[in-house]
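A quick write-up on the structure given underneath.
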Amino acid sequence: MLQRAERIAGGLYGLLIGDALGVPYEFHRPEAIPAPEAIEYDPPPGFDRAHDRVPPGTWSDDGAHALCLLDSLTYQKRLDCEDLGRRLVNWQDWGGPRRGRAGRVHPREGDPRARRLPGVK
């Protein structure tokens with residue numbers, strides 16, 4: 001049986017991998033998304049990526065917010081909205097999202113918090 005820490009780590013990996021996998025495809029109409037077997041970190045040729053300057057395997061602000069929440073819960077041992085809020089503001093101030101021309105939020109290039117997943121080129 002998996003230990004609690006292993007279940008938490010598995011859930012976090014699933015969240016970050018799923019988030020990174022979805023970044024190129026977000027903001028598209030459902031009919032524009034490739035078939036499930038064609039979905040990869042690098043979309044098929046000709047697909048108009050949502051964030052063309054973000055390297056494949058980069059998680060979004062959603063993943064970064066989840067990491068802020070995990071940090072806060074780990075440190076405080078409970079939900080502390082003020083601590084979480086400070087962590088989110090720090091993430092925003094020290095490399096958080098910027099708004100693109102279409103108003104979309106995406107990670108800043110070179111942001112250490114917008115990390116690529118291991119093994120992804």
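When the residues of segment 32-59 are filtered to those that are in contact (Cβ under 8 Å) with a residue 40 or more places away in the chain and out of contact with any strand residue (DSSP E or B) (no Cβ under 7 Å at 6 or more places or on another chain), the one that is farthest from Asp19 (Cα to Cα) is Arg53.
Within segment 1-60, the residues that satisfy the criterion of being within 15 Å of the chain's Cα centre (by Cα), among the hydrophobic types (A, V, I, L, M, F, W, C) and farther than 24 Å from Thr74 by Cβ are Leu21, Val23, Phe27, Ala50, Val54.
Scanning segment 27-45 for residues being at pLDDT 90 or above and under 14 Å from Ser60 (Cα atoms) gives a total of 1. Test Tyr41 against the criterion of being among the aromatic types (Phe, Trp, Tyr) and part of a helix (DSSP H, G or I), and give yes or no. So Tyr41 does not fit the description; no. Name the one entry in Gly10, Gly18 that is surrounded by 12 or more Cβ atoms within 10 Å (Cβ to Cβ), without any contact (Cβ under 8 Å) to a residue 12 or more places away in the chain, closer than 28 Å to Cys68 by Cβ and not acidic (Asp, Glu). Criteria check complete, one pass: Gly18. Looking only at residues of segment 46-103 that are in a loop (DSSP other than H, G, I, E, B) and of a type in the set (Asp, Glu), we find that the one that is modelled with the lowest pLDDT is Asp52. Reported count of residues in segment 45-87, each being of a type in the set (A, V, I, L, M) and exposed (fewer than 11 other Cβ atoms within 10 Å of the Cβ), is 1.
The values are calculated or read from the model by the stated rules, or taken from the named source; none is laboratory data. What you are looking at is a predicted structure, and each value in this text was computed from that prediction instead of being measured. Every residue, glycine among them, receives a Cβ derived from its backbone with ideal geometry; neighbour counts consider all protein chains shown.
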